[in-house]
Structures are given as structure tokens and as C-alpha cells.
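Asks: The structure that follows is given in the form of C-alpha cells.
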Amino acid sequence: MEANSIDLRRAYHQLERLLRDIAVALEKEDVPAARLDLGKAFDALRAVGPGEEGPEALRHLDHALSYAHRVIGDLLHEKGLAPHSPADFAGWFDAAEVPFREDW
Amino acid sequence: MIPLDRYPKEITLRDDARAVLRPMRSGDADGLWNFLRQLPEIDKSHFHEDVDRREVVERWATSLDYDAALPILAIHGERVVGSATLFRNNTGWKQRIGIVRILISPDHRHLGLGTAMIREIRHLGEKAGLNYLLAEVIEEQQAAVRALERMGFEKAVVYRNFVNDRKGDLHNLVVLLHPMSCLGI
């Protein structure tokens with residue numbers, strides 16, 4: 001499926017909100033590695049403007065989301081909760097196979 | 001000294017089972033021995049000593065020095081099901097590099113325990129003020145390589161036919177590095 005400009009703009013703003021929410025949750029936690037990853041997520045998001053299109057923009061958004069997943073995983077780990085797995089949301093993906101699963 | 005007040009730490013695995021993480025203690029020789037015995041041969045390749053000898057394992061458990069090697073065990077019920085060790089040099093040119101070694105029981109794989117152990121070691125590495133974590137993995141251990149990469153480790157180099165297993169067969173060695181937050185990269 002091709003992402004159009006509206007999809008990309010929507011994804012950008014959703015990611016921005018997600019990262020801000022994560023930043024608030026992270027403020028109360030002593031998880032330096034997660035702070036580093038959150039910084040990388042924001043960097044990846046800022047590398048693409050809200051109206052930008054094309055494969056490069058999509059790549060940056062994908063990076064931002066990957067870092068966000070890692071931070072969420074860190075927060076869950078700190079709380080002793082089960083790990084977040086993108087595979088749990090496989091039904092939402094428009095793909096034959098979710099490209100990552102818990103291996104180890 | 002790395003603060004250890006976060007232990008014992010309870011975690012939840014993907015099957016909702018609970019495991020406890022805590023530093024190895026001198027009384028863990030039996031648990032460690034049983035854990036090591038069930039590991040596949042390839043997972044034992046990196047040990048400098050013969051872990052099939054009970055006295056070796058007992059010596060490890062009774063000669064702990066957390067400043068040099070901090071082993072964190074994952075306990076499920078009464079069993080040791082995983083270990084993650086952070087090796088450090090307190091002096092010299094590698095004192096800001098931590099070496100990571102993680103082992104997971106075969107019947108506790110695919111549950112997120114390996115990833116949880118990597119997260120734990122990353123946290124300890126940050127608290128120790130390290131610049132880098134370094135992991136060495138035999139290339140066949142693809143699940144470990146993927147988990148390390150997903151957690152921010154990057155392949156630095158692959159040495160071809162570089163290390164031998166306990167039968168003498170050669171394997172490729174993958175060296176992965178994880179830059180810590182104090183580097184700001």
C-alpha cells in the first residue's frame with residue numbers, strides 16, 4: 001500500500017503526540033538508556049517536516065517509531081510488565097508478515 | 001560501585017510468567033550448575049573454563065567480585081533460567097567499556113527474557129558510567145544478534161572463522177557495540 005501525503009502528515013502528528021506522552025511518562029523514571037532513545041526518536045521525527053513526502057520521510061518516521069517502541073519497552077520493563085511486541089498488533093498491519101517478533 | 005538497590009526486580013515474560021532478576025550470590029552454585037548443564041553446546045563456547053566441571057561453577061559462585069563481573073540471574077520459581085553478566089576493568093584503557101554476556105535457558109527463549117536481560121545490562125552500564133557495551137556472539141546465534149541489534153547494539157565487525165567451539169570447529173564471531181548516553185551519539 002502506498003502512503004499518500006495525508007497518511008504521512010497524520011503519521012507525523014500521531015508520532016509527535018506519542019513521543020510527547022512518552023517524554024512525560026519518562027520524566028518520573030530513572031532510565032538513562034530510554035532517555036537516549038527518546039532523544040533519537042525526536043531527532044528522527046525532526047529530520048522530516050510535517051508536510052514532507054517520499055521514501056526518505058517515511059524512513060525517518062519509521063526510525064522514530066522504532067525508537068519509541070524501544071522506550072516503551074524500557075518503561076514496561078521498569079514497571080515489571082510484560083514486554084510490548086509489535087507482533088501483538090499484526091492484525092492492524094497491511095503486510096503479509098510483521099517484520100519483527102520476540103526471538104530471544 | 002553500581003547501585004544494586006533495584007534488586008530483586010520482578011519482570012513479566014510474554015507468557016505472563018513472572019521471573020525475578022537479582023545479582024548472583026554465593027549460594028547460587030547449585031542453581032547455576034543446573035542452568036549451565038542444560039545449555040546447548042554452542043552457548044558454552046565462550047567460557048574460559050570447563051563449565052562441565054562442578055568445582056569451576058562452585059568457585060565462580062563463591063568468588064564473586066561485582067566490580068569486575070556483575071552476574072544478574074533470572075529466577076523462575078526456584079530455577080535459574082537466564083544470566084546476564086557485565087564485565088568491567090576498573091583501570092586501564094578499557095575501563096569505560098563493559099563486556100556483556102547473556103545466556104538464556106532453551107525452554108525460556110522467545111519469551112522476551114533475553115531482551116529483558118539486555119535492557120537490564122544497558123541500565124547497569126549507564127549506572128556504571130560506561131561509554132560502550134561490547135557483546136561478542138557466534139554468528140549462528142542469530143536470535144541473540146537480532147535481539148542485541150534491536151536494543152541498539154550495532155555490528156562493529158565480523159571475524160571469519162575466528163573462534164573455535166569446544167569440539168574445535170571454527171565459527172564466525174560477531175562483535176557488537178552499544179554507545180551509552182554519556183557519549184551523546
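The values are calculated or read from the model by the stated rules, or taken from the named source; none is laboratory data. Given the structure is predicted, the values throughout are model-derived calculations rather than measurements. Positions of Cβ are generated from backbone atoms using ideal geometry, with glycine treated the same way; all protein chains shown enter the neighbour counts.
Asks: Among B:114, B:125, which is the only one that is within 14 Å of chain A (Cβ to nearest Cβ), under 14 Å from the mean Cα position of the chain (by Cα), farther than 20 Å from residue B:5 by Cα and not in a strand (DSSP E or B)? Can you show your working first?
Replies: Values: B:125 fails: farther than 20 Å from residue B:5 by Cα.
Selected residue: B:114, the only one of B:114, B:125 that is within 14 Å of chain A (Cβ to nearest Cβ), under 14 Å from the mean Cα position of the chain (by Cα), farther than 20 Å from residue B:5 by Cα and not in a strand (DSSP E or B).
Asks: State the number of residues belonging to segment B:92-111 that are within 13 Å of another protein chain (Cβ to nearest Cβ) and assigned to a loop (DSSP other than H, G, I, E, B).
Replies: So the count comes out to 4.
Asks: Checking the condition part of a strand (DSSP E or B), buried (at least 16 other Cβ atoms within 10 Å of the Cβ), touching a Phe, Trp or Tyr at 6+ places or on another chain (Cβ under 8 Å) and within 14 Å of another protein chain (Cβ to nearest Cβ), which residue from B:143, B:135 passes?
Replies: Answer to the selection: B:135.
Asks: Residue by residue through segment A:43-57, note down the ones that are within 30 Å of residue A:79 (Cα to Cα) and crowded, with 19+ Cβ neighbours inside 10 Å.
Replies: Listed by number, the residues that qualify are A:44, A:45.
Asks: Can you work out which of the residues in segment B:60-71 that are buried (at least 17 other Cβ atoms within 10 Å of the Cβ) and free of Cβ contacts under 8 Å to residues at least 60 places away in the same chain is farthest from residue B:17 (Cα to Cα)? Walk me through how you get there before you give the answer.
Replies: Here is the first cut: in segment B:60-71, the ones buried (at least 17 other Cβ atoms within 10 Å of the Cβ) are B:60-61, B:70-71.
Imposing the further condition that a residue be free of Cβ contacts under 8 Å to residues at least 60 places away in the same chain reduces the set to B:60-61, B:71.
Working: B:60: 28, B:61: 26, B:71: 22 Å.
By that ranking, first place goes to B:60.
Asks: Now a separate question. Could you pull out the residue among B:8, B:40 that is within 14 Å of chain A (Cβ to nearest Cβ) and out of contact with any strand residue (DSSP E or B) (no Cβ under 6 Å at 6 or more places or on another chain)? Give the steps one after another, and end with the answer.
Replies: Details: B:8 fails: out of contact with any strand residue (DSSP E or B) (no Cβ under 6 Å at 6 or more places or on another chain).
The match here is B:40.
Asks: Scan A:8, A:19 and give me the residue that is hydrophobic (A, V, I, L, M, F, W, C) and either modelled with pLDDT of 95 or more or in contact with a His (Cβ under 7 Å, 6 or more places away or on another chain) (or both).
Replies: A:19
Asks: Now a separate question. Scan segment B:46-64 and tell me whether some residue there is in contact with a helix residue (DSSP H, G or I) (Cβ under 6 Å, 6 or more places away or on another chain), closer than 29 Å to residue B:140 by Cβ and among the aromatic types (Phe, Trp, Tyr).
Replies: Scanning segment B:46-64 turns up no residue that is in contact with a helix residue (DSSP H, G or I) (Cβ under 6 Å, 6 or more places away or on another chain), closer than 29 Å to residue B:140 by Cβ and among the aromatic types (Phe, Trp, Tyr).
Asks: Inspect segment A:27-43 for any residue being over 28 Å from residue B:126 (Cβ atoms), assigned to a helix (DSSP H, G or I), at pLDDT 90 or above and among the charged types (D, E, K, R) and give the result as yes or no. Don't jump to the end; show me each part of the working.
Replies: Step one: list which residues in segment A:27-43 are over 28 Å from residue B:126 (Cβ atoms), which gives none.
Scanning segment A:27-43, I find no residue that is over 28 Å from residue B:126 (Cβ atoms), assigned to a helix (DSSP H, G or I), at pLDDT 90 or above and among the charged types (D, E, K, R), so the answer is no.
Asks: Any residue at all in segment B:150-158 that is facing another protein chain (nearest Cβ under 9 Å), assigned to a strand (DSSP E or B) and either under 16 Å from the mean Cα position of the chain (by Cα) or over 23 Å from residue A:73 (Cβ atoms) (or both)?
Replies: Narrowing segment B:150-158 to residues facing another protein chain (nearest Cβ under 9 Å): B:150-152.
Next cut, assigned to a strand (DSSP E or B) only: none.
No; the residues of segment B:150-158 include none that is facing another protein chain (nearest Cβ under 9 Å), assigned to a strand (DSSP E or B) and either under 16 Å from the mean Cα position of the chain (by Cα) or over 23 Å from residue A:73 (Cβ atoms) (or both).
Asks: Does residue B:152 satisfy the condition of being farther than 27 Å from residue B:52 by Cβ and modelled with pLDDT of 95 or more? Show your work before the answer.
Replies: Working: farther than 27 Å from residue B:52 by Cβ: yes; modelled with pLDDT of 95 or more: no.
Against the criterion (farther than 27 Å from residue B:52 by Cβ and modelled with pLDDT of 95 or more), residue B:152 does not qualify.
Asks: Does segment B:13-32 hold any residues that are surrounded by 15 or more Cβ atoms within 10 Å (Cβ to Cβ) and out of contact with any strand residue (DSSP E or B) (no Cβ under 9 Å at 6 or more places or on another chain), and which are they?
Replies: B:14, B:29, listed by residue number.
Asks: Before we move on, is residue B:130 under 12 Å from the mean Cα position of the chain (by Cα), modelled with pLDDT of 95 or more and surrounded by 22 or more Cβ atoms within 10 Å (Cβ to Cβ)?
Replies: no
Asks: Which condition number in (1) within 13 Å of chain A (Cβ to nearest Cβ); (2) among the β-branched types (Val, Ile, Thr); (3) surrounded by fewer than 17 Cβ atoms within 10 Å (Cβ to Cβ) is the one that residue B:163 fails?
Replies: (1)
One line per residue, one yes/no per condition, for (1) within 30 Å of residue A:88 (Cβ to Cβ); (2) at pLDDT below 95; (3) polar (S, T, N, Q):
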site	(1), (2), (3)
B:29	no, no, no
B:40	yes, yes, no
B:46	no, yes, no
B:75	yes, no, no
B:101	yes, no, no
B:104	yes, no, no
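Asks: Give just the number: which of (1) surrounded by 14 or more Cβ atoms within 10 Å (Cβ to Cβ); (2) at pLDDT 95 or above; (3) not charged (D, E, K, R) does residue B:8 not satisfy?
Replies: (1)
Asks: Please go through segment B:12-28 and pick out each residue that is among the aliphatic types (A, V, I, L, M) and more than 17 Å from the chain's Cα centre (by Cα).
Replies: Hits for segment B:12-28 are B:13, B:17.
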